[in-house]
Amino acid sequence: MYACRWMLLPSFLLFSLAGGPKAVRVQAAMADKDTLRIGWAATDITPDKPVMLQGQFHARVSEGVKDPVTATVLALQSPQDETQMVLVSCDLVIVHDALRDAVRDQLRQKLPELDPMAVLMSATHTHTAPHTSVYSQYQPDRSPIEHPYGMKLDAMTPAEYVNWASPRIADAIVHAWQERTPGGIGYGLSHAVVGHNRLITYSSGRSQMYGNTNHPDFSHVEGYEDHALNILATYDLEGRLTGLVINIACPSQDTEGLHEVSADFWHDTRQELRRRLGDDLFVLPQTAAAGDQSPHVMVDKRAEARMERITGRTRRQQIATRIADGTMAILPFIKKEINYTPRLRHQVETLELPRRIVPEADSVQAAADADRYRKAYEDMLHELQVNPKQPEQRHWYHKITSTHSFWRRHERVANRFQLQQTYPNIPIEVHVARLGDVACVSVPFEYYLDFGLRIQARSKAVQTFVIQLAGSGSYLPTLRSVAGGGYGAVPASTEVGPESGQQLVEWAVDHIDKLWKQ
């Protein structure tokens with residue numbers, strides 16, 4: 001059922017894609033002096049045995065592999081001043097700090113010439129990928145989590161998976177860095193309908209995640225939807241396409257409830273793009289600010305289902321086709337303006353963001369809710385001892401593990417009332433970069449769409465890639481969403497509040513301004 005997967009694509013494959021005007025060969029004369037250095041690699045990070053899948057309140061032990069999860073690497077270096085930047089996209093729910101730090105530790109040993117802080121890792125947010133939460137996030141003591149669902153299950157623990165995956169990701173980075181060669185970039189904006197705002201607002205003013213729109217009290221969808229397809233393409237000196245960075249405002253969670261390892265719609269998208277552009281094409285997906293978005297259709301569900309039936313394509317395949325169509329529509333035009341000497345700048349900082357304040361009354365209520373779920377969990381543990389045949393039932397652990405998750409969820413809110421007195425701020429890592437006329441900004445959260453749009457609207461760059469989930473996650477909602485009271489906007493779902501979201505906007509806009517003034 002499981003097979004070990006290792007896919008490190010060799011650098012010579014970068015140049016096997018056909019096409020490209022011979023006129024650009026004149027760039028070769030500049031290759032040793034000014035031309036951007038580009039390296040690509042990809043590695044399979046699908047474990048060879050069962051693993052706990054992250055993304056739901058109940059535990060899920062993987063029962064096979066629907067399709068592999070991948071880490072894709074793009075290494076960039078400016079020969080003028082040796083500026084370094086490495087983008088890594090992982091088919092994971094989050095990139096927990098434990099995984100990021102483990103990869104960087106590996107790189108310090110394997111590749112000392114590369115500054116490990118130049119590595120920016122982000123997740124596609126597939127809900128069918130291995131669990132990476134090794135310790136409590138955003139807690140000063142980093143309490144270890146051996147069994148995140150409250151019991152030992154027959155699967156790799158998060159720590160075991162991180163120890164298994166981190167050297168593979170580090171090796172891919174080493175490969176991409178060591179095999180970088182002169183090349184250029186092109187960029188462009190297209191559109192593809194992938195993400196939808198998943199918060200439904202009713203006439204009372206309250207919002208509900210995935211609320212029923214076929215209801216007399218349905219008023220409107222809470223927020224905006226952004227169907228922009230931000231594309232960064234890389235080329236060799238012959239003008240041949242070598243890889244694509246594709247940035248969209250939607251997490252990869254269409255088939256999110258599976259008990260199989262899967263990259264979700266990005267697997268289908270890679271397949272579709274490679275079918276059209278060549279098997280050797282690298283595809284590096286990024287999730288833009290999309291904390292309130294998902295690929296699930298909220299209105300016109302019957303019409304959407306009919307189109308899937310008559311086209312013979314699943315929802316994931318429909319999304320892949322749309323992304324590929326949008327990409328193909330602009331690639332001929334992007335290619336006309338390949339830049340072989342773009343200015344590369346990269347900065348990384350640690351910001352202190354204020355914790356979202358939990359009122360004492362909310363803390364008291366959360367403690368009561370936590371106690372209720374704890375007792376229910378303990379009763380289930382007792383029942384498990386009385387009825388030892390219970391595990392013979394398929395997915396027997398769903399109810400008890402979800403009860404444990406709710407207990408811990410409320411307990412964390414209750415504990416935060418005291419924590420905010422002694423540790424009022426949370427340190428988070430953020431990146432900002434310039435590549436020619438393109439800017440990139442990262443945030444570790446599930447950053448609501450409005451914040452990303454504010455950055456893009458005020459950015460001095462021609463095109464701005466906002467990259468969310470470049471870290472351990474948790475939602476970062478807008479004031480509008482907090483007022484609606486939906487799932488992602490309540491204290492239990494958040495570590496910082498809307499004011500921190502705006503603080504990140506101001507930081508990003510200010511630092512992009514500085515990069516453009518240099």
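The values are calculated or read from the model by the stated rules, or taken from the named source; none is laboratory data. Note that this is a predicted model, so its numbers are computed, not measured. Positions of Cβ are generated from backbone atoms using ideal geometry, with glycine treated the same way; all protein chains shown enter the neighbour counts. We work out accessible area using only protein heavy atoms, side chains counted, and drop any ligands, DNA or RNA first. Shrake-Rupley method; radii C 1.70, N 1.55, O 1.52, S 1.80 Å.
One table, with the values for the structure above:
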| read-out | value |
| --- | --- |
| Within region 498-518, tally of residues that are surrounded by fewer than 22 Cβ atoms within 10 Å (Cβ to Cβ) and either modelled with pLDDT under 95 or within 21 Å of His125 (Cα to Cα) (or both) | 2 |
| Search result, residues across region 162-172 that are closer than 19 Å to Met52 by Cβ and more than 18 Å from the chain's Cα centre (by Cα) | Asn163, Trp164, Arg168 |
| Test: residue in region 310-326 that is under 28 Å from Met209 (Cβ atoms), open to solvent by less than 40 Å² (accessible area, probe 1.4 Å), of a type in the set (Ser, Thr, Tyr) and part of a strand (DSSP E or B) | no |
| When residues of region 79-95 are limited to those that are at pLDDT 95 or above and over 11 Å from the mean Cα position of the chain (by Cα), the one surrounded by the most Cβ atoms within 10 Å (Cβ to Cβ) | Leu87 |
| Hey, Leu258 closer than 20 Å to Met121 by Cα and touching a residue at least 24 places away in the same chain (Cβ under 8 Å) or not | no |
| Some residue of region 468-475 being open to solvent by less than 20 Å² (accessible area, probe 1.4 Å) and not in a loop (DSSP other than H, G, I, E, B) | no |
| Residue within region 360-372 that is closer than 30 Å to Val505 by Cα, without any contact (Cβ under 8 Å) to a residue 60 or more places away in the chain and in a helix (DSSP H, G or I) present | yes |
| Residue list for region 65-94, restricted to those being touching a helix residue (DSSP H, G or I) at 6+ places or on another chain (Cβ under 9 Å) and in a loop (DSSP other than H, G, I, E, B) | Lys66, Asp67, Pro68, Val69, Thr83, Asp91, Leu92 |
| Selection status of Glu304, closer than 19 Å to Ile200 by Cβ, assigned to a helix (DSSP H, G or I) and open to solvent by 20 Å² or more (accessible area, probe 1.4 Å) | yes |
| Close pairs from region 301-317: first within 21 Å of Glu256 (Cα to Cα), partner open to solvent by 60 Å² or more (accessible area, probe 1.4 Å), Cβ under 8 Å, at least 6 apart | Glu308/Thr314 |
| Failed item in (1) touching a helix residue (DSSP H, G or I) at 6+ places or on another chain (Cβ under 7 Å); (2) outside any strand (DSSP E or B); (3) more than 16 Å from Gly291 (Cβ to Cβ), with Leu229 passing the rest | (2) |
| Leu381 open to solvent by 40 Å² or more (accessible area, probe 1.4 Å), more than 27 Å from Tyr149 (Cα to Cα), out of contact with any strand residue (DSSP E or B) (no Cβ under 8 Å at 6 or more places or on another chain) and of a type outside the set (Gly, Ala, Ser) | no |
| Positions within region 178-209 being within 22 Å of the chain's Cα centre (by Cα) and either open to solvent by 30 Å² or more (accessible area, probe 1.4 Å) or among the aliphatic types (A, V, I, L, M) (or both), in sequence order | Tyr187, Leu189, His191, Ala192, Val193, Val194, Leu199, Met209 |
| Selected residue (only one of His147, His175 is within 18 Å of Gly55 (Cβ to Cβ) and open to solvent by 10 Å² or more (accessible area, probe 1.4 Å)) | His147 |
| Every residue from region 264-287 that is open to solvent by 10 Å² or more (accessible area, probe 1.4 Å), at negative phi and assigned to a loop (DSSP other than H, G, I, E, B) | Asp279, Asp280 |
| Members of region 236-254 found to be farther than 26 Å from Leu435 by Cα and open to solvent by 40 Å² or more (accessible area, probe 1.4 Å), listed by number | none |
| Qualifying positions in region 210-234 - surrounded by fewer than 23 Cβ atoms within 10 Å (Cβ to Cβ), touching a residue at least 12 places away in the same chain (Cβ under 8 Å) and over 17 Å from Ala249 (Cβ atoms) | Tyr210, Gly211, Asn212, Thr213, His215, Asp217, Phe218, Ser219, His220, Ala233 |
| Of the criteria (1) surrounded by fewer than 16 Cβ atoms within 10 Å (Cβ to Cβ); (2) among the basic types (Lys, Arg); (3) more than 24 Å from the chain's Cα centre (by Cα), which one Lys49 fails | (3) |
